[in-house]
Amino acid sequence: MGKIFVVKTQVGQEENVANLFEKANRRTGKIHAILAPKELRGYIFVEGEDIETIKTVIRHMRYARDVLDKEVQIEEIENFLFPPSAVANIEEGMIIELVSGPFKGEKAKVTRIDDAKEEITVELLDAMVPIPITVRGEQVRVLKKKEGE
Amino acid sequence: MRACRKCHILTTRSTCPYCGEATSEHWQGYMVIIDPVNSQIARQMKLKMPGKYALKVR
């Protein structure tokens, strides 16, 4: 089994570095997998036979900066492999605040949740007429569990 | 690029060339599996085929 190491990259170039590692593997044959989670900016995980291979590969690689000496255990990166749903902790009736988009800063009540699309439908609290708006799960922050609580 | 909703493999097609499921253009996280036999990550993700995958598909 391979060992997992953290490679520092230029921010925004994580996917490019992953592709460059794949290309480099055609020469070395000692890299097994590369992981570039969206949540981590400027870092990727590279699984290979040993750290020396990775150090040699990044020496002339554009956008790759360094490799951390400490090996990472698979349990430590499990939360990146199986990212939780953006609507996992949202329930119908909750009061939320929209954190981006045209209604940023507005408070609203959750009326429907779409688990597959990770979208929620809300009604703005300050609106004169309740108009349902569908937003992405990442665009909201939970304020209250349920109205009145 | 688009990602298969079922197996998460990245493709340019609107249906997955491997499992036939519809693909989505809304995906996050990037993963390259080169050697699934010797990879801990591939084993954890239950992936048996080398290729490029998305971590999360909506």
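In segment A:1-20, the residues whose accessible area drops by at least 50 square angstrom when the other protein chains are added to the isolated chain are A:Met1, A:Glu15; the probe is 1.4 Å and only protein heavy atoms count.
FRET efficiency for the pair A:Leu68 and B:Ala22, taken as 1/(1 + (r/R0)^6) with r the Cβ-Cβ distance and R0 = 41 Å, rounds to 0.60.
Helical runs (DSSP H, four residues minimum) scored at -39500 (n - 2.57) apiece and divided by the length of chain B put the mean residue ellipticity at 222 nm at -1500 deg cm²/dmol. Bridging of A:Lys3 to lysines at a Cα separation below 22 Å is possible for A:Lys23, A:Lys30, A:Lys38, A:Lys55, A:Lys70, B:Lys46, B:Lys48, B:Lys52, once same-chain residues fewer than 8 apart are set aside. Remark: spin-label model distance A:Ser100-A:Arg112 equals 2.4 nm, labels positioned 7 Å along the Cα→Cβ axis.
Which one, A:Val72, A:Gly48, A:Gly12, projects farthest toward the positive side of the charge dipole computed for segment A:3-81 from Cβ point charges (K/R +1, D/E -1)? With unit charges placed on the Cβ atoms, the residue in question is A:Gly12. Per residue, chain B exposes an accessible area of 53 Å² to a 1.4 Å probe, with every protein chain left in place.
Taking Cα centre as origin and charging only the Cβ of basic (Lys, Arg, +1) and acidic (Asp, Glu, -1) residues, the dipole magnitude of chain B rounds to 140 debye.
Entry note, chain A: the mean residue ellipticity at 222 nm calculated from DSSP H runs of n ≥ 4, each adding -39500 (n - 2.57), is -5500 deg cm²/dmol after division by the residues and rounding to the nearest 500.
Summing Cβ point charges (Lys, Arg +1; Asp, Glu -1) relative to the Cα centre of segment A:89-141 gives a dipole of roughly 160 debye.
Peptide A:37-49 has a mean of 3 when you count, residue by residue, the C-beta atoms of other protein chains within 10 Å of its C-beta. Cα centroids of segment A:47-103 and chain B: 16 Å apart. Loop-resident trypsin sites (Lys or Arg not before Pro) (DSSP state other than H, G, I, E or B) in segment A:104-139 with no more than 11 further Cβ atoms inside 10 Å of their Cβ: A:Lys104. Heavy-atom accessible area buried between chains B and A is around 2500 Å² (1.4 Å probe, both sides summed). The accessible surface of segment A:3-81, taken with every protein chain in place and a 1.4 Å probe, is 43 percent carbon and sulfur. For the protein assembly as shown, a simple Cβ point-charge model (Lys and Arg +1, Asp and Glu -1, everything else neutral) yields a dipole of about 720 debye relative to the Cα centre.
The values are calculated or read from the model by the stated rules, or taken from the named source; none is laboratory data. Quantities reported herein were computed from a predicted structural model and do not represent experimental measurements. Neighbour counts are summed over all protein chains in view; Cβ atoms, including those assigned to glycine, are modelled from backbone coordinates with ideal geometry. What goes into the accessible areas is simple: the full protein's heavy atoms, side chains included, and nothing from ligands, DNA or RNA. Shrake-Rupley method; radii C 1.70, N 1.55, O 1.52, S 1.80 Å.
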